[in-house]
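The structure appears below as C-alpha coordinates.
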Amino acid sequence: EAQVTQNPRYLITVTGKKLTVTCSQNMNHEYMSWYRQDPGLGLRQIYYSMNVEVTDKGDVPEGYKVSRKEKRNFPLILESPSPNQTSLYFCASSRTGHEQYFGPGTRLTVT
Amino acid sequence: AQSVTQPDIHITVSEGASLELRCNYSYGATPYLFWYVQSPGQGLQLLLKYFSGDTLVQGIKGFEAEFKRSQSSFNLRKPSVHWSDAAEYFCAVGAATGGYNKLIFGAGTRLAVHP
(Lines give C-alpha, C1' and ligand atoms only; values in the text may rest on other atoms or scores of the structure.)
Protein backbone atom coordinates (compact mmCIF):
# COMPACT_ATOMS: atom_id res chain seq x y z
CA GLU A 1 0.00 0.00 0.00
CA ALA A 2 1.30 3.42 -1.01
CA GLN A 3 1.66 5.51 2.09
CA VAL A 4 3.48 8.11 4.14
CA THR A 5 4.19 7.09 7.71
CA GLN A 6 5.10 9.28 10.66
CA ASN A 7 6.28 8.44 14.14
CA PRO A 8 5.40 9.09 16.83
CA ARG A 9 1.75 10.01 16.37
CA TYR A 10 1.59 11.78 19.71
CA LEU A 11 4.41 13.33 21.70
CA ILE A 12 4.52 15.35 24.90
CA THR A 13 7.86 16.82 25.82
CA VAL A 14 9.45 19.61 27.82
CA THR A 15 11.09 22.81 26.66
CA GLY A 16 14.62 22.31 25.41
CA LYS A 17 14.63 18.52 25.07
CA LYS A 18 15.70 17.59 21.54
CA LEU A 19 13.30 15.45 19.56
CA THR A 20 12.97 13.89 16.13
CA VAL A 21 9.81 13.05 14.22
CA THR A 22 10.40 10.47 11.54
CA CYS A 23 8.76 10.38 8.12
CA SER A 24 8.98 7.68 5.50
CA GLN A 25 7.32 7.16 2.11
CA ASN A 26 7.19 4.09 -0.12
CA MET A 27 6.14 5.76 -3.38
CA ASN A 28 9.65 6.57 -4.62
CA HIS A 29 8.78 10.28 -4.60
CA GLU A 30 11.55 12.80 -5.02
CA TYR A 31 9.73 15.62 -3.24
CA MET A 32 9.01 15.62 0.48
CA SER A 33 7.94 18.35 2.85
CA TRP A 34 6.90 19.14 6.40
CA TYR A 35 3.94 21.26 7.46
CA ARG A 36 2.52 22.46 10.71
CA GLN A 37 -1.19 22.96 11.19
CA ASP A 38 -2.53 25.52 13.63
CA PRO A 39 -6.17 26.57 14.14
CA GLY A 40 -7.22 29.33 11.79
CA LEU A 41 -3.95 29.22 9.88
CA GLY A 42 -4.30 26.11 7.76
CA LEU A 43 -1.10 24.29 6.85
CA ARG A 44 2.17 26.15 6.62
CA GLN A 45 5.27 24.65 5.09
CA ILE A 46 8.29 24.27 7.37
CA TYR A 47 10.88 22.68 5.08
CA TYR A 48 10.88 20.90 1.78
CA SER A 49 13.24 18.67 -0.14
CA MET A 50 13.18 18.34 -3.92
CA ASN A 51 15.54 15.35 -3.81
CA VAL A 52 18.33 13.98 -1.64
CA GLU A 53 20.60 16.79 -2.76
CA VAL A 54 18.26 19.74 -2.28
CA THR A 55 16.64 20.81 0.97
CA ASP A 56 15.41 24.29 1.69
CA LYS A 57 13.32 26.41 4.03
CA GLY A 58 9.62 26.83 3.66
CA ASP A 59 7.51 29.58 5.16
CA VAL A 60 8.05 28.88 8.88
CA PRO A 61 11.47 27.21 9.30
CA GLU A 62 12.62 28.85 12.54
CA GLY A 63 13.41 26.31 15.26
CA TYR A 64 13.40 23.30 12.94
CA LYS A 65 15.95 21.23 11.04
CA VAL A 66 15.56 18.45 8.52
CA SER A 67 17.71 15.77 6.96
CA ARG A 68 17.39 13.94 3.64
CA LYS A 69 20.07 11.27 3.51
CA GLU A 70 17.98 8.86 1.47
CA LYS A 71 14.98 9.27 -0.80
CA ARG A 72 12.39 7.57 1.38
CA ASN A 73 13.09 9.30 4.72
CA PHE A 74 12.75 12.93 5.78
CA PRO A 75 13.00 13.41 9.56
CA LEU A 76 12.04 16.64 11.29
CA ILE A 77 14.33 17.70 14.12
CA LEU A 78 13.57 20.13 16.91
CA GLU A 79 16.90 20.87 18.60
CA SER A 80 15.43 22.90 21.46
CA PRO A 81 11.64 22.76 21.41
CA SER A 82 9.62 25.65 22.80
CA PRO A 83 5.92 25.90 23.70
CA ASN A 84 5.15 27.85 20.51
CA GLN A 85 6.06 24.71 18.57
CA THR A 86 3.08 22.90 20.06
CA SER A 87 1.18 21.98 16.93
CA LEU A 88 0.01 19.24 14.59
CA TYR A 89 2.72 18.24 12.14
CA PHE A 90 2.30 16.61 8.75
CA CYS A 91 4.83 15.06 6.45
CA ALA A 92 3.99 14.84 2.75
CA SER A 93 5.53 13.41 -0.38
CA SER A 94 4.95 14.12 -4.04
CA ARG A 95 6.24 13.31 -7.48
CA THR A 96 6.05 16.95 -8.60
CA GLY A 97 5.58 19.05 -5.49
CA HIS A 98 1.98 19.87 -6.37
CA GLU A 99 -0.22 16.83 -5.74
CA GLN A 100 0.99 15.80 -2.31
CA TYR A 101 0.25 12.73 -0.20
CA PHE A 102 0.11 13.27 3.53
CA GLY A 103 1.04 11.21 6.53
CA PRO A 104 -1.37 10.75 9.47
CA GLY A 105 0.10 13.60 11.49
CA THR A 106 2.05 13.97 14.73
CA ARG A 107 0.51 15.92 17.56
CA LEU A 108 3.29 17.58 19.55
CA THR A 109 2.87 19.28 22.90
CA VAL A 110 5.78 21.19 24.41
CA THR A 111 5.37 22.20 28.06
CA ALA B 1 1.42 37.36 -3.45
CA GLN B 2 -0.10 33.93 -3.83
CA SER B 3 -2.87 33.18 -1.38
CA VAL B 4 -5.98 31.10 -0.81
CA THR B 5 -9.06 32.36 1.01
CA GLN B 6 -11.79 30.18 2.43
CA PRO B 7 -14.36 32.71 3.64
CA ASP B 8 -16.34 30.30 5.81
CA ILE B 9 -14.64 29.05 8.97
CA HIS B 10 -17.57 26.88 10.05
CA ILE B 11 -20.56 25.58 8.12
CA THR B 12 -23.41 23.47 9.44
CA VAL B 13 -25.80 21.61 7.16
CA SER B 14 -28.48 19.01 7.64
CA GLU B 15 -27.90 15.50 6.39
CA GLY B 16 -29.25 15.18 2.86
CA ALA B 17 -28.90 18.89 2.13
CA SER B 18 -26.66 20.27 -0.58
CA LEU B 19 -23.27 21.75 0.22
CA GLU B 20 -21.05 24.40 -1.29
CA LEU B 21 -17.71 25.37 0.23
CA ARG B 22 -16.12 28.50 -1.14
CA CYS B 23 -12.52 28.98 -2.18
CA ASN B 24 -10.89 32.00 -3.77
CA TYR B 25 -7.27 32.16 -4.82
CA SER B 26 -4.74 34.74 -5.85
CA TYR B 27 -2.15 33.51 -8.31
CA GLY B 28 -0.72 35.16 -11.40
CA ALA B 29 -0.46 32.15 -13.69
CA THR B 30 -2.82 29.31 -14.51
CA PRO B 31 -3.27 27.56 -11.17
CA TYR B 32 -3.28 23.97 -10.17
CA LEU B 33 -6.10 23.65 -7.63
CA PHE B 34 -6.85 21.06 -5.00
CA TRP B 35 -9.36 20.21 -2.32
CA TYR B 36 -8.29 18.08 0.62
CA VAL B 37 -10.40 16.68 3.45
CA GLN B 38 -9.23 16.03 6.99
CA SER B 39 -11.44 13.78 9.09
CA PRO B 40 -11.04 13.98 12.87
CA GLY B 41 -7.70 12.52 13.93
CA GLN B 42 -6.71 11.76 10.36
CA GLY B 43 -4.30 13.09 7.81
CA LEU B 44 -5.29 14.97 4.68
CA GLN B 45 -6.90 13.07 1.83
CA LEU B 46 -7.07 14.45 -1.69
CA LEU B 47 -10.69 14.91 -2.80
CA LEU B 48 -10.10 16.29 -6.26
CA LYS B 49 -7.76 18.37 -8.38
CA TYR B 50 -7.83 20.70 -11.35
CA PHE B 51 -4.88 21.03 -13.69
CA SER B 52 -6.46 21.99 -17.02
CA GLY B 53 -9.33 21.17 -19.36
CA ASP B 54 -12.91 20.74 -18.21
CA THR B 55 -13.58 23.29 -15.50
CA LEU B 56 -15.98 20.98 -13.65
CA VAL B 57 -14.01 18.23 -11.97
CA GLN B 58 -15.31 15.17 -10.21
CA GLY B 59 -13.70 13.75 -7.11
CA ILE B 60 -14.11 10.99 -4.61
CA LYS B 61 -17.04 10.58 -2.21
CA GLY B 62 -19.46 12.32 -4.58
CA PHE B 63 -17.75 15.72 -4.48
CA GLU B 64 -17.23 18.02 -7.42
CA ALA B 65 -15.65 21.44 -7.88
CA GLU B 66 -15.88 24.10 -10.54
CA PHE B 67 -12.98 26.31 -11.61
CA LYS B 68 -14.07 29.82 -12.55
CA ARG B 69 -11.14 31.84 -13.81
CA SER B 70 -13.12 35.11 -14.00
CA GLN B 71 -13.96 34.84 -10.30
CA SER B 72 -10.67 33.25 -9.19
CA SER B 73 -12.74 30.61 -7.48
CA PHE B 74 -12.74 26.86 -7.06
CA ASN B 75 -15.83 26.02 -5.01
CA LEU B 76 -16.49 22.53 -3.73
CA ARG B 77 -19.99 21.07 -4.00
CA LYS B 78 -21.93 17.98 -3.04
CA PRO B 79 -25.63 17.51 -3.86
CA SER B 80 -26.50 15.49 -0.73
CA VAL B 81 -24.37 15.50 2.40
CA HIS B 82 -23.89 12.42 4.55
CA TRP B 83 -23.10 12.47 8.26
CA SER B 84 -19.68 10.98 7.46
CA ASP B 85 -18.80 14.14 5.51
CA ALA B 86 -18.31 16.02 8.78
CA ALA B 87 -14.65 17.07 8.60
CA GLU B 88 -12.38 19.98 7.84
CA TYR B 89 -11.88 20.91 4.21
CA PHE B 90 -8.86 22.65 2.79
CA CYS B 91 -8.50 24.33 -0.56
CA ALA B 92 -4.97 24.65 -1.95
CA VAL B 93 -3.26 26.17 -4.97
CA GLY B 94 -0.14 24.67 -6.49
CA ALA B 95 2.37 27.42 -7.09
CA ALA B 96 5.76 27.54 -8.77
CA THR B 97 8.02 29.63 -6.57
CA GLY B 98 11.73 30.18 -6.86
CA GLY B 99 12.27 27.14 -9.04
CA TYR B 100 10.25 24.69 -7.05
CA ASN B 101 6.63 23.72 -6.68
CA LYS B 102 4.63 24.11 -3.49
CA LEU B 103 1.11 24.01 -2.14
CA ILE B 104 -0.45 27.08 -0.55
CA PHE B 105 -3.37 26.24 1.71
CA GLY B 106 -6.41 28.13 2.84
CA ALA B 107 -7.26 28.25 6.53
CA GLY B 108 -9.89 25.55 6.18
CA THR B 109 -13.66 25.20 6.57
CA ARG B 110 -15.01 22.97 9.30
CA LEU B 111 -18.21 21.20 8.26
CA ALA B 112 -20.72 19.95 10.79
CA VAL B 113 -23.62 17.74 9.70
CA HIS B 114 -26.88 17.62 11.66
CA PRO B 115 -29.00 14.45 11.50
Computed over segment B:21-115, protein heavy atoms only, probe 1.4 angstrom, the accessible area per residue in square angstrom equals 44 Å²
Which three numbers, in whole Å and largest first, are the semi-axes of the equivalent ellipsoid of the protein assembly as shown derived from its Cα gyration tensor as √(5λ)? 29, 21, 16
Other chains near B:32-39: what is the mean number of their Cβ atoms within 10 Å of each residue's Cβ? 2
Please give, to one decimal in nm, the separation of the simple spin-label points placed at residue A:67 and residue B:84, each 7 Å out from Cα toward the Cβ. 4.1 nm
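Computed on protein heavy atoms with a 1.4 Å probe, what is the summed buried accessible area for the chain pair B and A, in Å² to the nearest 100? Each step should come with its number before you reach the end.
Working: alone 6210 and 6190 Å², together 10720 Å².
Buried area between the two chains comes out at roughly 1700 Å².
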Hey, can you list the residues from segment A:83-111 whose accessible area shrinks by 40 Å² or more with all protein chains present, relative to the chain by itself (probe 1.4 Å, no ligands or nucleic acids)? A:98, A:99, A:102
Averaged per residue, the 1.4 Å probe accessible area of chain A, protein heavy atoms only, in Å², is roughly 48 Å²
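Using the Kirkwood radius built from alpha carbon pairs, what does the Stokes-Einstein equation give as D for segment B:20-115 at 37 °C and 0.692 mPa s, in µm² per second?
Working: Rh = 13.9 Å.
Taking Rh from Cα pairs, D becomes 237 µm²/s.
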Solvent accessible area, Å² - residue A:55, 1.4 Å probe, full protein context: 60 Å²
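Over the protein assembly as shown, with every protein chain in place, what whole percent of the accessible area is carbon and sulfur at 1.4 Å, could you tell me?
50 percent
Please work out how many pairs of lysine residues in the protein assembly as shown are eight or more positions apart (or on different chains) and have Cα atoms closer than 13 angstrom.
Numbers: A:18/A:65; A:57/A:65; A:57/B:102; B:61/B:78.
Pairs that pass both the separation and distance tests number 4.
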Within segment A:69-85, find all residues whose amide N lies under 18 Å from a label point positioned 7 Å from the Cα of residue A:27 along Cα-to-beta-carbon. A:71-75
Between residue A:77 and residue B:39, what's the calculated FRET efficiency when r is the beta-carbon distance and R0 is 41 Å? Round to 0.05. 0.90
Students sometimes get this wrong: rank A:49, A:67 by accessible area, probe 1.4 Å, all chains present, largest first. A:67, A:49
With DNA, RNA and ligands ignored, accessible area of residue B:114 (1.4 Å probe; Å², nearest 10): 100 Å²
Note: probe point = Cα of residue B:5 + 7 Å toward Cβ; backbone nitrogen < 19 Å; residues of segment A:1-44 passing the test are A:40-43
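The values are calculated or read from the model by the stated rules, or taken from the named source; none is laboratory data. Predicted model only: the values in this text are computed from it and were never measured. Positions of Cβ are generated from backbone atoms using ideal geometry, with glycine treated the same way; all protein chains shown enter the neighbour counts. What goes into the accessible areas is simple: the full protein's heavy atoms, side chains included, and nothing from ligands, DNA or RNA. Shrake-Rupley method; radii C 1.70, N 1.55, O 1.52, S 1.80 Å.
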